[in-house]
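Below is one structure, written out as structure tokens; comments come after it.
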Amino acid sequence: MTKSTSRWVGASLARKQDLRLVTGHGRYTDDISVPGMLHAAMLRSPHAHARIKSVDVSRARALPGVHAVLTGEDAKRYWGPLAPTIDIGMKVPTVYALATDKVYYMGEPVVAIAADTRYLAEDALEFIDVEYEVLPAVTDTEAALAPGAPLLYPEWGDNVQCAWGMSVGAVDETFARADHVFEFRLPQHRYSGASLEGRAALAHYDAYNRKLTLHCSTQAPNLVRTLVAQTFRFPEHDVQVIAPDIGGGYGNKLQADAEVIPCLLSLATGRPVKWTESRQENLLSGMQCRDYVWYLKVAVSKDGILQGLDAQVLGNVGCDGTCHAAGAGKFLVAAGYVPGPYKWHAFRVATKVAVSNKAPSGAYRGYGKDIANYPLEVAMSRMADALGLSPAEFRRRNFVGKDEFPYQQISGPVYDSGDYAQCLAKLLELVDYDEVKQRQAATQGKSAKYLGIGIASMLEPSGGAVPSCIFNSYEVATVRLMPEGGVLVLTGHQDIGQGSETTLCQVVADELGLTPDDVRVVYGDTNAVPYGLGPWSSRGATFNVSCIAEAARRLKANLFEVVANLWQCEAAGLVAADGAIVEPGGRRMTLRELGNKLHLWPGAFGVVPKHVANPFEVTHYWTSPIASWTPDELGRIRLYTTHPSGSSAIIVEVDAETGKIEVKDVAIVDDCGVIINPTIVEGQLHGGYVQGIGGALMEEFHYDERGQLWNTDLTSYLHPLATDVPDIKCDHVISPSPYTTLGTKGMGEGSTIMPCAAMVNAVEDALKPFGVRVDQLPLTPERVIRLLKTSSIWREMYEVGA
Amino acid sequence: MKPKPFDYVRVDTLPALFSALAAHDNAKIIAGGQSLVPMMNFRVAQPEVLVDINGVEALNHVGRDGDWLCIGAMARYQDLIDSPLVRESLPLLSEALGHVGYPAIRNRGTLGGSVVHNDPSAEGGVALCCLGAEVVVASAKGERVVPIAEFFVTTYLTDIAPHEVLTEIRIPVPLPRSGSAFRELAKRVGDFAIVNVAALVSVGAGDKVSAVSLALGGVAETPLSFDVGPAVIGHPLDAARAAEAARLVDALSDPQDDNVAGGEYKRHLAGVLVKQALLAAYIDAMAKGA
């Protein structure tokens, strides 16, 4: 196939969507109003675990302006249980979007109301009487797995939603023979993404047209259509999902959970019903994430070479990680990727996923790769310290080498390409590592401010192709030539802030010799686009870019055939450049002229020879050339296509008196293969890293042991502000992937994966004089002081009254 | 996240305000609305009538009356921060109010509203406690003047009746050779503090401390003053004296666990900030010359 000259791929093109978004002319779901529209509000459970003894909605139903008041029992008559989003050997509970006999978490919707205004709907909530019989709750992961724990689903016999494990190599022997064996317990707390736009849904059931239209804020309109159709047992082709501008997703908007409630209200009333969640609802029941404990055992030789890894992860998916959202799967991904970018001789892993009385668990930037990264990267720095090696040197000795790709990791995945050592070397240069360590030595002990630097390396498996779940294995897209020579790209991929509305134009412009302004990306309407799966698993630059580039190439080849026929020349000699198809040194036909010829003057019959495939548009199906669901001789499968990588560093100053951590400097070196738009890539790195810093320092769903969530507003659930984050330095290594059309790799999650480990490593480095070992996140000032208090040196220096 | 239905009355004079308050049982005054409106949206506050005093010119003043600075109930944070009069006569108040929320909150919120609301770590309340302020509470029946420490009853509760309004805050201007400092630790810039400390130190002959006033927020149900005179009066203030003062505060306070932080940590933090604030206030006083 003709090779295109790259002109737009690699350019820091300004984002096409920003004109409307930054001037306030974006159109989000809540901006949409239709005649006759009602507004929904939901009564939510105040208890984490309770039996619903009775629900009396008669007083609310009687209020003027209230059009529907529905309970779980009502709902059961009209719909089925929530359709599963994932079931890979998992226990799938039968649950509804409105609680029926039991509530499983604080904030679970119990009654839904549709009224003339949101005000009236919320007023009416106060007229509903629910009688609960409170049951014992369990929130802690290990408590949920302990014998005798309160059971969410008694028919299961325990609280285990899924369990899995694998072993490769002589694990026990390796540990028995090892020079050093290190053990770690590393938990991480529960936090999640925070989109500026929360969940929003406007459902309209049109009985006269037998059609359900759902506008909603989602990352995956096609998947939502399927899940809604399954939940309502409604013909899928009679459901249309429209996702307009989306104010952030981060993995949180990959299901049809509460979104089905406005659909039900619309079916019940025959009128459009809109629900836009409040921030409180988002914190109570928007998808939550993280929440796990790792036990790690690592065998290392005396010269600092990793030998064996024996790991166990216990995950907590709240009330459910299969139907409400697909949270359970991330712990399987975590187990498969805990070996990270390093080489091993023996590996054993076990994972156990617990349900508990917390909100449902979904995806959030990482989906297990973050879970895999955190314990190992903290362990790497601690082990380096114990071995008397620098954290960088210890990592270097154990990285997969740049000449070893494709490299099959011991757990099964095939790593496509990379240069991990170069990423780390560039990072040390970017952050001036040696200078920081000198400054640390010169200033330590001179004031209460302790300087520290931490590094973490990462793998970002991107483009997951997971069997038996919505995160499946293909992408379909259409590239269409219009009569006037412009091009439409029709894709199921949703722009959720990552900029695909712009980057896909860059890709297609290069393939067809156009400018990005000659191309428009159409997305967000299930009745306009092919059934593509959407953005998750950093799959855009793996699946979708490859799919669309291939579609454009095929369309171009078909157009060349048409032109070659007109000119009576060889198609192989033609190129597409500057908006035209060109015979080098000879004739030229613009795409507008060609589009006109094909469609109008004279039209296809006069210009398209019989042997040419569709010159109007090409719909292409792309799937991974490397993923495999057939287990190899060791029982291993391969789910991910590309393996972006990188390293990052955080420099902190810890105030040993107050415990406050100030982030002084952040640097990231990323390798996502061929870069389509450097500005967008750096924006992703910045935003993702800040989310990780938030998780490391302040973000936390604070549940007590009764399952009460204490922080349900943004004055108590804290995110980093501009004042909490320094400028972030970025640099890149480019190792093109051999498995994608353009050599691109995903890059949406990598920078969120690293910060927690880098932060812990930085704080432990800063507080080395006190021998602090972080055992819990987030590192609030209070937790830092609690850690310091265990040091007698600190108590002598800083304890009040000392 | 929508309030219960409520009526709205706007008044321009104090008499009109008094009659509006008299006419309704469950009325609430709205000034800047920075605490009240979120509480209404959460339905924690459910007034039947909002009486808007933004138009009452008689409440919008900042002026000096002899040795007192008088601040009307409608004076907004940012106006107080920007006021040269406040900056010169009460630098502690200027410094403290600079820690309140974000620009949008400071542009709208009022010191009077914050005092009546009485969040235990509100910067204004802590500074006013340290400065020994008084508040003027008025109703149709007349005025009464209440020392700030008595006005703060407990968290979110003050010595004010439903038919009354706080009209003015009066603050004694400190002695000439006085210095002050405000220190706080919040999880993020603009958040309510975990603990905050206001210190006012006067020095006399031989650079010895002649008077001291100290108030803390976040350690009790209201902002609280502590008498650390025994530790520092009559001596130059050094690190050892400051530490002694911190021990006094520690012995007198018993902060409880809450949603922001645990009592044990607050106790530790109070000690750190008391030392820092006292030393900074002393240095500030010394800079004022002999």
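Numbers for the structure displayed
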| item | result |
| --- | --- |
| Other-chain or far-sequence residues with amide H under 5 Å of A:Lys660's (modelled H) | A:Asp655 |
| Overall form of the range A:675-762 per C-alpha gyration tensor (a/c, 1.5; a/b vs b/c) | prolate |
| Test item: Cα-centred dipole of chain B, Lys/Arg +1 and Asp/Glu -1 on Cβ, debye | 480 |
| Per-selection Kirkwood Rh - the range B:7-52 (Cα, Å, 1 d.p.) | 10.8 |
| Options B:Ala31, B:Val9, B:Val49, ranked by Cα towards positive dipole end of the range B:7-52, top entry (Cβ charges) | B:Ala31 |
| The range A:480-617: antiparallel DSSP beta bridges as a percent of all, rounded to 5 | 70 |
| FRET E, pair A:Arg795, B:His235, Förster distance 30 Å, beta-carbon r, rounded to 0.05 | 0.65 |
| Positive dipole terminus of the protein assembly as shown, leading residue within B:Ala127, A:Val618, B:Ile283 (C-beta point charges) | A:Val618 |
| Euclidean distance of C-alpha centroids, the range A:463-481 and the range A:270-291, integer Å | 27 |
| CD proxy at 222 nm, helix term only [per DSSP H run n ≥ 4: -39500 (n - 2.57); per residue of chain A; nearest 500] | -8000 deg cm²/dmol |
| The range B:7-52: relative contact order in percent, alpha carbon pairs under 8 Å with at least 6 residues between | 57 |
| Whole-Hz ³J(HN,Hα) from phi, Karplus 6.51 cos²θ - 1.76 cosθ + 1.60, for the range A:754-763, glycine and proline x | 7, x, 4, 5, 4, 5, 4, 5, 5, 5 |
| With all protein chains modelled, accessible area of A:Met747 [1.4 Å, Å²] | 30 |
| Cross-link pairs beyond the 29 Å C-alpha cut-off, checked among A:Lys297/A:Lys660; A:Lys253/A:Lys449; A:Lys330/A:Lys437; A:Lys302/A:Lys437 | A:Lys297/A:Lys660; A:Lys253/A:Lys449; A:Lys330/A:Lys437 |
| HN-Hα J in Hz across the range B:78-87 - Karplus 6.51, -1.76, 1.60, θ = phi - 60°, x for Gly and Pro | 5, 5, 5, 5, 7, 6, x, 4, 5, 4 |
| Amide proton proximity set for A:Thr85, modelled H, under 5 Å, gap of 5+ | A:Cys323 |
| Centre separation in Å (Cα based) which lies between the range B:161-213 and the range A:691-745 | 38 |
| Amide H contacts under 5 Å for B:Asn60, placed H, 5+ residues apart | B:Met74 |
| For the range A:395-477, Kirkwood radius (reciprocal of mean inverse C-alpha pair distance, Å) | 16.6 |
| Span from the the range B:89-159 Cα centroid across to the the range A:226-245 one, whole angstrom | 55 |
| Mean Cα-pair separation over length for the range A:113-187, i.e. relative contact order, pairs under 8 Å, 6 or more apart, % | 13 |
| Cα-centred dipole magnitude for the range B:166-249, charges only on beta-carbon of K, R (+1) and D, E (-1), debye, nearest 20 | 140 |
| The range B:179-286: equivalent-ellipsoid semi-axes (sqrt of 5 x gyration tensor eigenvalues, Cα, Å) | 25, 14, 10 |
| The protein assembly as shown: C-alpha pair distances exceeding 59 Å, % | 18 |
| Unit charges on C-beta of K, R, D, E only; dipole of the range B:57-171, Debye | 200 |
| Leading residue at positive end of dipole, the range A:228-374 (Cβ point charges), from A:Ala311, A:Cys289, A:Ala299 | A:Ala299 |
| Relative contact order (%) - chain A, alpha-carbon pairs under 8 angstrom, separation at least six | 16 |
| From phi via Karplus (6.51, -1.76, 1.60), per-residue ³J(HN,Hα) for the range A:159-166 in Hz, x at Gly/Pro | 9, 8, 7, 7, 8, 7, x, 8 |
| Links that overshoot a 31 Å alpha carbon limit, given the list A:Lys91/A:Lys369; A:Lys789/B:Lys187; A:Lys729/B:Lys2; A:Lys16/A:Lys745 | A:Lys729/B:Lys2 |
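The values are calculated or read from the model by the stated rules, or taken from the named source; none is laboratory data. These numbers were taken from a predicted model, which means no experiment stands behind them. Note that each Cβ is placed from the backbone with ideal geometry, even for glycine, and that neighbours are counted across all protein chains shown. For the accessible areas, the whole protein counts, side chains as well, though only heavy atoms, and no ligand, DNA or RNA atoms are used. Shrake-Rupley method; radii C 1.70, N 1.55, O 1.52, S 1.80 Å.
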